[in-house]
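Worksheet for the structure shown next.
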Amino acid sequence: MLSFNRGEWSELYGILFLLIKPKLKIVNENLHPIKTDLFLVKEIILDSKLKLSYKIIKDNIAIFVAEKEYKKLSVLEVDITRKELLNKVLSAKSGSFE
């Protein structure tokens with residue numbers, strides 16, 4: 001099992017969040033949402049040796065490795081994983097955890 005620190009797990013959380021909520025809302029200096037959706041996430045590409053990318057296709061998230069589809073997950077599955085990860089990050093008693 002892999003072990004990472006809170007910051008590294010938080011980066012993964014950010015990716016999962018954008019995959020399930022691709023309309024990125026921006027706020028002003030008073031933390032009030034700006035009316036328009038400035039960004040729409042359609043794909044996330046991770047610069048790694050694996051050439052890993054995630055594409056949002058309707059209600060599914062397709063995972064690609066070296067530009068070949070590896071797996072498809074529902075948005076609901078990804079959201080459940082996102083919530084579990086958030087709970088682990090918030091309840092971690094040490095800097096690193098599995």
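The sum of -39500 (n - 2.57) across all DSSP H runs of n ≥ 4, divided by the residue count of the chain, sets its helix-only mean residue ellipticity at 222 nm to -11000 deg cm²/dmol.
Taking the protein heavy atoms of the chain in the context of the full set of protein chains, the accessible area attributed to carbon and sulfur is 58 percent at 1.4 Å. Label sites at His32 and Asp59, each approximated as a point 7 angstrom past Cα along Cα to Cβ, lie 3.6 nm apart. In the context of the full set of protein chains, residues of region 1-84 present 79 Å² of accessible surface per residue (probe radius 1.4 Å, heavy atoms only).
Extending 7 Å from the Cα toward the beta-carbon at both Ser10 and Asn87 defines two label points whose distance is 2.1 nm.
Listed by chain and number, the lysines placed with their C-alpha closer than 16 angstrom to that of Lys83 are Lys21; residues fewer than eight positions away on the same chain are left out. The charge dipole of the chain, taken about its Cα centre with unit charges on the Cβ atoms of Lys, Arg (+1), Asp and Glu (-1) only, comes to about 140 debye.
Fully extended, how many nm does the chain gain between Ile45 and Lys21 (0.36 nm per residue separation, minus their Cα-Cα distance)?
Numbers: separation 24, 0.36 × 24 = 8.64 nm, distance 1.64 nm.
Gain on extension, Ile45 to Lys21, equals 7.0 nm.
Highest mean first, the peptides 60-69, 87-96, 27-36 sorted by other C-beta atoms within 10 Å per residue fall in the order 60-69, 87-96, 27-36. Per the Kirkwood formula applied to alpha carbons, region 13-97 shows a radius of gyration over Rh ratio, Rg over Rh, of 1.04.
The values are calculated or read from the model by the stated rules, or taken from the named source; none is laboratory data. Since the model is a prediction, treat every value here as computed from it, not as a measurement. Using ideal geometry, Cβ is built from the backbone for each residue, glycine included, and neighbour counts are taken over all protein chains shown. With ligands, DNA and RNA removed, areas are computed over all heavy atoms of the protein, side chains included. Shrake-Rupley method; radii C 1.70, N 1.55, O 1.52, S 1.80 Å.
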